[in-house]
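Below is one structure, written out as structure tokens; comments come after it.
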Amino acid sequence: MFALSERDLDGHILGCGDGPASFNAELSQAGGRVMSVDPIYQFSKAEINSRIQRVYPGMIAELARHAGNYYWSSFKDPGHLGSVRMSAMNRFLDDFDAGLDAGRYVDASLPELPFFDNEFDLGLCSHLLFLYSEQIDAAQHIEALTAMCRVAKEVRVYPLLSLDGRLSQHLPGVLRYFNEHEYQAELKPVPYQFQKGASEMLTLRKIIC
């Protein structure tokens, strides 16, 4: 979903709002450098697992109710997708305690990022900004993205659709703001296709004069 190249994966990566995902565990095992931030990391492995078990049935039911909004090519059906996601979450849980000890999982949330300027080559945010456009207003989007641009040389955000499946109402204003404030803000196609209409990511870079 982020069109990551081998060069991208060789860099130092920050994931914002990563939650119980397996990207950190998998890339770290492969020798990559990655750090994830999410307020959920304040909880223990058992507490996170308990929340996953509570949320999982509702997630699958919601997917089934709105199955027409997705392309079912990579996944056979909601049940298959659910099993893949559960496998990824279990991979995360297996890695969580070791990742905490190594400092790879950090209890933090946008826009407060406890890192140095330009500490990361790439900052990623998936299924948080723009998706929750009703809960996160335009000013909060700009504040969060500015924080990511402070600590990462390039920022990528996906998807750009809100929960209703439409392009986020905040996207035009966000693009205009950053392109007017010494950033290069662009929409770029991604090869990942699951949610219908979610075919692009936002990329941000600060212009170096």
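Points worth noting:
- Per residue, in Å², the accessible surface of the chain once ligands and nucleic acids are set aside, probe 1.4 Å: 53 Å²
- Cα-derived Rg to Rh of the chain, Kirkwood definition: 0.95
- In loop segments of region 84-171 as defined by DSSP, the trypsin sites (Lys or Arg not before Pro) with at most 16 further C-beta atoms inside 10 Å of their C-beta are 166.
- At the residue level, residue 13 shows approximately 0 square angstrom of accessible surface with a 1.4 angstrom probe and all protein chains present.
- Computed label-point distance, nm, for sites residue 30 and residue 97 using a 7 Å Cα→Cβ extension: 2.7 nm
- Within region 54-209: Cβ-based charge dipole about Cα centre, in debye rounded to nearest 20 (Lys, Arg +1; Asp, Glu -1): 600 debye
- Calculated FRET efficiency for the pair residue 42/residue 180, C-beta based, R₀ 25 Å, to 0.05: 0.10
- Accessible-area composition of the chain, carbon plus sulfur, in percent [1.4 Å probe]: 51 percent
- Region 6-208: relative contact order as a whole-number percent, Cα under 8 Å and 6+ apart: 22 percent
- Taking label positions 7 Å along the Cα-Cβ direction at both residue 188 and residue 50, the computed distance is 4.2 nm, reported to one decimal.
- Percent of beta bridges antiparallel (DSSP, region 6-208, rounded to nearest 5): 45 percent
- Put a dot 7 Å past the Cα of residue 88, heading toward its Cβ, do the same for residue 121, and the two dots end up 2.2 nm apart.
- Heavy-atom accessible area, probed at 1.4 angstrom with all protein chains present, ranks 148, 89, 1 as 1, 89, 148, highest first.
- Pairwise centroid distance, computed over Cα atoms, of region 78-114 with region 1-62, Å: 3 Å
The values are calculated or read from the model by the stated rules, or taken from the named source; none is laboratory data. Just so we're clear, the structure is a prediction, and the values are computed from it rather than from any experiment. Cβ coordinates were reconstructed from backbone atoms using ideal geometry, including for glycine residues, and neighbour counts include every protein chain displayed. Quick note on the areas: whole protein, heavy atoms, side chains included, nothing else; ligands and nucleic acids left out. Shrake-Rupley method; radii C 1.70, N 1.55, O 1.52, S 1.80 Å.
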